[in-house]
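Written below as C-alpha cells is the structure these notes are about.
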Amino acid sequence: AAKAAGGCTYMAFEPRMQDDARDKHELLRDLRHAIENKQLELFYQPKIDARSGQVTAAEALLRWHHPVRGTLSPDVFIPLAERHGLIGALGNWVIDDACRQARVWRERGLKMRVAINLSVFQMRQNDLVERIQAALKRHGVNPSRLTCEITESVAMEDTQVTQRTFERLGQAGIHLSIDDFGTGYSSLSYLRRLPATELKIDRSFVMDLDTSDDAKAIVDAVLKLAHAIGLKVVAEGVETVQQRDILLQLGCDEFQGYLFARPMSARALLLWAVEDKPAKNAFRASLFAET
Ligand code: C2E
Ligand code: MG
Ligand code: MG
Ligand code: MG
C-alpha cells in the first residue's frame, strides 16, 4: 500500500505516527498519577487443584481504570511503565495491596495463597526482597502465603543480581513460580538449580491441546520433567472441558483459566470463594467476571 500511494505516503503516514506518539505521551502522563488517583486495582484469578477442585491460590492481575479510556490491560501499560521508570512504584503498590488482601482472606478463614507477578526490573532491584518482607510483616502475613511469579525468560536471565534475588526470595520462605513456561529456551540443568516450587505451562500450549498431538506431547514432556525435579505444575488459560480432561489425564496439578473463573475484583472473588463450590460453578463464576 505504501508503494501504491507513491509520493503521498510520507504525508499520509506522518500524522498517524504523531498521533501515536501523543497517545503514548498522554498515557504516560496519566500513568504517573494513577496510583495517587486511586485508579489501580488488583483483580484476582484463582488457581484450582485438579483433583479436589479447591482453590489453592489467587493470582493478582493489575488493572488500570483510566477515567477516559476505560479499564486497561497490563499488556498495554506495564511495558510503558518498564520503559519509563515507573514499574518500581507500580510494583511496590502491587506488593503492598496483594499482602493486604492475603490478610483479609486469612481473616475470613480462606486458605488460599496470593500470587504476584514480578517484572525483570523488580528482579534487578537490590531491595526487592526487603520490600516484600516489610509488606508481609506490615500486614501480618506469613511468607509461605505468597507466591512470586517470574516469567521463564526473566528467570533464565543469567545475571548475578536476578539470580541472587531468586535465591533470597526462596530463602525468605516465599514460593517461586516460573510463569509462561515453554516460551523461552530453558536448559533443564539450569531450571533445576532455581529454588522454584511451581511451573506454569504457557497458555499457547494449553490452547492447542484438543487439536494438536504435538502440543499434547510437549505438555506431557513438560509435566514429566517438572515432576521429576519436584515442581508442581499449573496449566494457564484452560478454556474448555476437553483441555481440562487432557490435562487431568496427563497428571497436571492445578488449573487456571476462563473455564473456572476469569480474573475478578477482590470483592467478587470473596463471594466466589466463600459461597461457591468452584469446580461445580464455572457458570456462576462468570456472573462476577470481568467483561
Ligand atoms: P500472566 O501472568 O501470564 O497472566 C495470565 C494472563 O492470561 C492474564 O492476562 C489473564 O487475564 C489471562 N488469562 C487467564 N485465563 C485465561 C484464559 O482462559 N483465556 C485467555 N485468553 N486468557 C486468560 P492479563 O491480566 O491481561 O495480564 C497479562 C500479563 O500482564 C500477565 O501475564 C503478567 O505477565 C502481566 N501482569 C499482570 N499484572 C501484573 C503486575 O502486577 N506486575 C507485573 N510486573 N506484571 C503484571
Ligand atoms: Mg502470572
Ligand atoms: Mg502466565
Ligand atoms: Mg502470560
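The values are calculated or read from the model by the stated rules, or taken from the named source; none is laboratory data. Source: prediction; values computed, not measured. Every residue, glycine among them, receives a Cβ derived from its backbone with ideal geometry; neighbour counts consider all protein chains shown. Heads up: the accessible areas ignore ligands, DNA and RNA and are worked out on the full protein's heavy atoms, side chains in. Shrake-Rupley method; radii C 1.70, N 1.55, O 1.52, S 1.80 Å.
Laid out as a table, the results:
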read-out	value
Test: residue in the range 102-120 that is of a type outside the set (Ser, Thr, Tyr), under 18 Å from Leu31 (Cβ atoms), at pLDDT 95 or above and part of a helix (DSSP H, G or I)	no
Qualifying residue in the range 62-74 (condition: within 24 Å of Met112 (Cβ to Cβ), part of a helix (DSSP H, G or I), open to solvent by less than 70 Å² (accessible area, probe 1.4 Å) and not basic (Lys, Arg))	yes
Of all residues in the range 181-212 being of a type in the set (Gly, Ala, Ser) and touching a residue at least 40 places away in the same chain (Cβ under 8 Å), the one that is nearest to ligand 4 (Cβ to nearest atom)	Gly182
Every residue from the range 244-259 that is of a type in the set (Phe, Trp, Tyr) and surrounded by fewer than 23 Cβ atoms within 10 Å (Cβ to Cβ)	Tyr258
Any hit, the range 92-112, residues being closer than 25 Å to Ala235 by Cα, of a type in the set (Lys, Arg) and more than 9 Å from ligand 1 (Cβ to nearest atom)	yes
Subset of the range 187-207 [within 14 Å of Ile218 (Cα to Cα) and outside any strand (DSSP E or B)]	Asp202, Arg203, Ser204, Phe205, Val206, Met207
Subset tally (residues that are within 15 Å of ligand 2 (Cβ to nearest atom) and of a type outside the set (Lys, Arg)) for the range 91-134	13
Evaluation of Ser144 against (1) away from ligand 3 (no atom under 16 Å from the Cβ); (2) modelled with pLDDT under 95; (3) in a helix (DSSP H, G or I) (one fails), failing number	(2)
Criterion: touching a Leu at 6+ places or on another chain (Cβ under 9 Å), at pLDDT below 90 and not aliphatic (A, V, I, L, M) - qualifying residue of Phe283, Phe255, Phe288	Phe288
Unique residue being within 19 Å of Arg113 (Cα to Cα) and in contact with a Lys or Arg (Cβ under 8 Å, 6 or more places away or on another chain) when the list is Leu199, Leu250, Leu231	Leu199
Flag for Tyr190 being aromatic (Phe, Trp, Tyr), at pLDDT below 95 and surrounded by fewer than 20 Cβ atoms within 10 Å (Cβ to Cβ)	yes
Only listed residue being β-branched (Val, Ile, Thr), open to solvent by 50 Å² or more (accessible area, probe 1.4 Å) and within 13 Å of ligand 1 (Cβ to nearest atom), chosen from Val241, Val234, Val206	Val241
